[in-house]
Amino acid sequence: MRKVEELPQVRVFDHPLIQHKVTHLRMKETSTKEFRELTSEIAMLMTYEACRSLPLQEIEIETPICKTTGKVLAGKKLALVPILRAGLGMVEGVMNMVPSARVGHIGLYRDPETLEAVEYYCKFPQDISERHVFLLDPMLATGGSILASLEFLKKRNIEQISLLCIIAARPGLEKVVEAHPDVDIYCAALDEELNDHAYIVPGLGDAGDRLFGTK
Ligand code: PRP
Ligand code: URA
């Protein structure tokens with residue numbers, strides 16, 4: 001297989017603003033407040049690029065000077081699906097860019113012993129199958145949580161799914177790409193490995209705990 005970052009469906013951002021913010025997100029001395037703000041800002045910047053392929057339609061408008069045509073987003077708006085808990089930290093940033101998006105939730109936690117993703121909550125907008133879904137989670141480590149979430153979404157016959165994760169680890173990302181080559185993946189950073197507890201190295205630690213101050 002080609003290196004994941006060379007695949008057309010994977011985009012690892014090299015924008016200086018995103019890299020700067022990811023470095024501050026990684027720092028252990030970054031406060032909970034700053035961590036929340038940075039997560040939201042990075043999600044907002046990633047959204048700009050993840051929306052590049054959204055369809056447009058032409059409409060007639062009138063400026064104070066004359067009649068003309070302009071382009072607006074076409075069809076049903078997006079659905080955002082954060083994976084609880086840490087995905088919640090990305091919702092506000094994405095919503096700043098696409099305020100009319102609907103929001104579904106998938107509740108999963110990673111069993112610390114088996115590392116399997118365990119579902120505890122799932123609620124989607126009724127018309128989710130007609131929407132382009134942005135699946136949100138700041139961390140992709142083993143890939144278990146994203147794989148389980150993609151299975152839930154695909155059972156609902158959703159045709160277009162984009163995944164936005166801030167830090168992806170190469171082993172997990174390779175699994176996701178192999179199982180779901182039709183999903184567009186946007187990452188702010190690609191880390192090479194996991195430690196013995198399946199934490200991303202260098203990573204940023206536990207994203208949920210850092211967002212919500214639970215440790
Ligand atoms: C984290 C993270 C991902 C998952 C990634 O959540 O937000 O959902 O781990 O790991 P994986 O790729 O190996 O599945 P966690 O399970 O710690 O739950 P939390 O967000 O409630 O803290
Ligand atoms: N979940 C996290 O929050 N961080 C990791 O490094 C791996 C899984």
Residues of the range 121-153 being of a type in the set (Asp, Glu), away from ligand 2 (no atom under 11 Å from the Cβ) and either part of a helix (DSSP H, G or I) or within 14 Å of Leu84 (Cα to Cα) (or both), which ones?
Glu130, Glu151
Residue selected from the range 190-215 under the condition open to solvent by less than 40 Å² (accessible area, probe 1.4 Å) and on the phi > 0 side of the Ramachandran plot, by the criterion nearest to ligand 1 (Cβ to nearest atom):
Ala198
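On the basis of being more than 13 Å from ligand 2 (Cβ to nearest atom), open to solvent by 10 Å² or more (accessible area, probe 1.4 Å), under 23 Å from Glu6 (Cα atoms) and touching a residue at least 40 places away in the same chain (Cβ under 8 Å), does Asp182 make the cut?
yes
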Could you figure out which of (1) open to solvent by less than 10 Å² (accessible area, probe 1.4 Å); (2) assigned to a loop (DSSP other than H, G, I, E, B) isn't true of Ile166?
(2)
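The values are calculated or read from the model by the stated rules, or taken from the named source; none is laboratory data. Not measured: the values here are computed from a predicted model. Positions of Cβ are backbone-derived with ideal geometry, glycine not excepted, and every protein chain shown enters the neighbour counts. All accessible areas refer to the heavy atoms of the entire protein, side chains included, with ligands and DNA or RNA removed. Shrake-Rupley method; radii C 1.70, N 1.55, O 1.52, S 1.80 Å.
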